[in-house]
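For reference, the structure discussed in these notes is given below.
The values are calculated or read from the model by the stated rules, or taken from the named source; none is laboratory data. All of these numbers come straight from a predicted model, not from anything done at the bench. Here the Cβ is made from the backbone with ideal geometry for all residues, glycine too, and neighbour counts use every protein chain on show.
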Amino acid sequence: MAVILGTVLALSLGDALVKALAGGFALGQIFLLRSLLALPLLLWLMRARRVPLWPVALGWVALRSALLVSMWIAYYLALPHLDLSVAAAAYYTLPLFITLFSGLLPGGRVAPLGWFAVALGFAGVLLILRPGPEAFNLWALAPLCAAMLYAAAMLLTRARCRAEPPLTLALWLNLGFILAGITISAASLALPGQGGFLFAPWAALDGPAWAALALMAVALVIGGVGAAFAYQNAPPALIGAFDFAYVGFALLWGLLLFAEAPDAIALSGIALIVLSGLLSLRAGRP
């Protein structure tokens with residue numbers, strides 16, 4: 001539980017920094033430079049712990065990386081068009097998908113209290129999101145798509161990648177980001193003048209931008225290793241409920257970085273999310 005909470009804290013900060021940079025930088029540029037900065041740290045950690053570079057099941061690891069890269073593309077494309085808290089709340093319908101998909105795994109039965117915990121957490125998300133014509137626009141569908149992709153990737157982590165060291169999974173995820181960054185950047189050159197976050201031209205980087213990229217690289221390493229470790233070692237429905245903490249962290253970064261102050265209803269939603277995590281922990285005990 002501590003690992004997944006630390007993981008979503010790091011990932012939420014990294015995503016907030018992506019939102020902050022989205023107005024002036026290209027998505028391919030962020031993907032490529034962030035992962036290139038993360039690689040030395042990953043390789044140093046792998047060398048120090050004697051972790052193999054090559055995965056046991058390359059095909060499954062490659063599929064997992066593709067799902068996660070696609071997830072982040074969908075989520076990041078929505079960030080310039082939604083408040084961070086709205087995007088996070090739409091994205092964190094993912095425990096519903098994790099719970100639904102986990103029934104496909106051997107021994108993946110979810111206890112009634114676990115279903116209630118996920119429903120309670122989803123109610124908290126709805127209190128934050130409050131779907132309506134202003135908040136829930138077409139761009140909110142992108143985080144929903146990202147939620148399905150993330151759920152599939154984490155269930156794949158538990159079902160097919162449990163033998164893989166988390167650092168190895170994180171390395172191949174970063175290689176996926178580098179490949180995606182190169183591909184998106186090449187496409188932006190082939191489609192000049194298209195604009196938008198996806199096909200925007202590369203921008204010059206100053207000191208603060210490099211510092212933000214370095215922080216995103218560290219957050220990506222923590223997120224990649226932490227998520228893999230958590231989903232390898234605990235039931236997906238249990239970890240998925242604690243993943244809800246991302247919404248609370250997103251509200252915090254939204255307040256600090258974008259002056260998006262949560263109101264009483266949003267705070268009530270956070271309280272329901274925390275309660276759902278506690279109930280899920282109880283449901284996950286033997």
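Summary table below
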quantity	calculated
Unique residue being at pLDDT 85 or above, more than 21 Å from PRO166 (Cα to Cα) and of a type outside the set (Gly, Ala, Ser) when the list is LEU213, LEU205, LEU191	LEU213
Residues located in the stretch 37-74, provided they are buried (at least 23 other Cβ atoms within 10 Å of the Cβ) and under 13 Å from VAL18 (Cα atoms)	TRP72
Residue check, LEU96 modelled with pLDDT under 85 and buried (at least 16 other Cβ atoms within 10 Å of the Cβ)	yes
Those residues of the stretch 5-36 which are surrounded by fewer than 23 Cβ atoms within 10 Å (Cβ to Cβ) and among the polar types (S, T, N, Q), in sequence order	GLN29
Close pairs (9 angstrom Cβ cut-off, 6 or more residues apart or separate chains): more than 13 Å from LEU251 (Cβ to Cβ) in the stretch 7-25, of a type in the set (Asp, Glu) and part of a loop (DSSP other than H, G, I, E, B) anywhere	THR7/ASP243
